[in-house]
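Here is the structure we will look at, set down as C-alpha cells.
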Amino acid sequence: MSAHQEIRGVLIRAGATQLLLPNATISEVLSYSPPEAVANAPDWLLGRLRWRGWRLPLVAFPVLSKQGNEHAELASKVVVLKTLGGDARLPFFALLTEGFPRLVTISEEHLLDESDGDGDALPFAVRARVRLNDDIALIPDIDLIEQSVREALAA
C-alpha cells in the first residue's frame, strides 16, 4: 500500500481486545440473540444463528484465541463476516462483539506493525498486532478461524 492509498476498515471490540478488519469483509451487524446450541462444540463456538436463510456459526474470538472468556450481554452485537475459503457450505460466520464496529481509514503511514520486537507470541488465530493511530488492534486470521469452525462443525 503506498502512502497515498487508503482503505476503509473497522475496529471491533471483542472482549478486552480490538480487532481490525477490512470493511469489505463485514456483511452485516446484528443485535445479539441466543444461538441454537451445537452438540459437542468447543467453548468458543457459541452455537448457530439464523440469518438470511443461513445458520451461521457464532464465534467468541477471545475464547478461540485464548485471550479471555467472552459472555453475551444485552449490549452485545454480532458481526457477520464473509469467509475467504470458498466453501459454499460456509460462506459466512459470525463474531460476538461488544457494541458497534467503528469505521476507520487505514493508510500505511498511520498503521504500524506492533508484532515484532515485543517478545510476545501472537495469540491463536491472530495474524498481526498493529497500532492504528492511538489504537492497538489485532488482525484476525480469517482463514484459520474458518478452518477451526469447519473442524468443530465436522466433529
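Given a Förster distance of 22 angstrom, what is the FRET efficiency for PHE124 paired with ARG89, based on the Cβ-Cβ distance and rounded to 0.05?
0.40
For region 15-110, with the dipole built from +1 on Lys and Arg beta-carbon atoms and -1 on Asp and Glu ones, taken about the Cα centre, which of GLY53, LEU74, ILE106 lies farthest toward the positive end?
Checked the options; the winner is GLY53.
As an exercise, identify the GluC sites (Glu not before Pro) in region 65-118 lying in DSSP coil whose Cβ has no more than 11 other Cβ atoms within 10 Å.
GLU73
Taking only protein heavy atoms into account and a 1.4 Å probe, give the accessible area per residue of region 1-98 in Å².
Here the per-residue accessible area is 53 Å².
How tilted is helix 142-154 with respect to the longest principal axis of the chain? Cα atoms for both, answer in degrees (0 to 90, nearest 10).
Taking Cα atoms only, the helix is inclined about 10 degrees.
Hey, can you grab everything whose amide H is under 5 Å from the amide H of TRP51? Only 5+ residues off in sequence or another chain; H modelled, so Pro and N-termini drop out.
Amide H neighbours of TRP51, under 5 Å, 5+ apart: LEU56.
Charges only on Cβ, +1 for Lys and Arg, -1 for Asp and Glu: so what's the dipole of the chain about the Cα centre, in debye to the nearest 20?
800
Over every pair of different alpha-carbon atoms in the chain, take the mean of 1/r and invert it; report that Kirkwood radius in Å.
16.0
If you roll a 1.4 angstrom probe over the protein chains with everything in place, what fraction of the accessible area of the chain belongs to carbon and sulfur, to the nearest %? Let's see the in-between values first.
Numbers: 4200 of 8370 Å².
Solvent-exposed carbon and sulfur of the chain make up 50 percent of the total.
Relative to the present Cα-Cα distance, how much length would full extension add between GLN147 and ARG55 at 0.36 nm per residue of separation? Mind showing how you got there, number by number?
Numbers: separation 92, 0.36 × 92 = 33.12 nm, distance 1.68 nm.
Using 0.36 nm per residue and subtracting the Cα-Cα distance, I get 31.4 nm.
How high is the FRET efficiency from ALA154 to LEU30, r the C-beta distance, R0 22 Å, rounded to 0.05?
Computed FRET efficiency for ALA154 and LEU30 comes out at 0.30.
Relative to the Cα centre, what is the charge dipole magnitude of region 79-155, using +1 at the beta carbon of each Lys and Arg, -1 at the beta carbon of each Asp and Glu, and rounding to the nearest 20 debye?
Values: 7 positive and 15 negative charges, 101 e Å.
Here region 79-155 has a charge dipole of around 480 debye.
Which loop-located trypsin sites (Lys or Arg not before Pro) does region 49-155 contain, where loop means any DSSP state but H, G, I, E or B and the Cβ has at most 11 other Cβ atoms within 10 Å?
Here the trypsin sites (Lys or Arg not before Pro) that fit, given the DSSP loop and packing criteria, are ARG52, LYS66, ARG89.
The values are calculated or read from the model by the stated rules, or taken from the named source; none is laboratory data. Just so it is clear, the structure is predicted and the values come from calculations on it, not from any experiment. Note: ideal-geometry Cβ built from the backbone for every residue, glycine included; neighbour counts use all protein chains shown. Accessible surface is based on the protein model in full, side chains and every heavy atom, while ligands, DNA and RNA are left aside. Shrake-Rupley method; radii C 1.70, N 1.55, O 1.52, S 1.80 Å.
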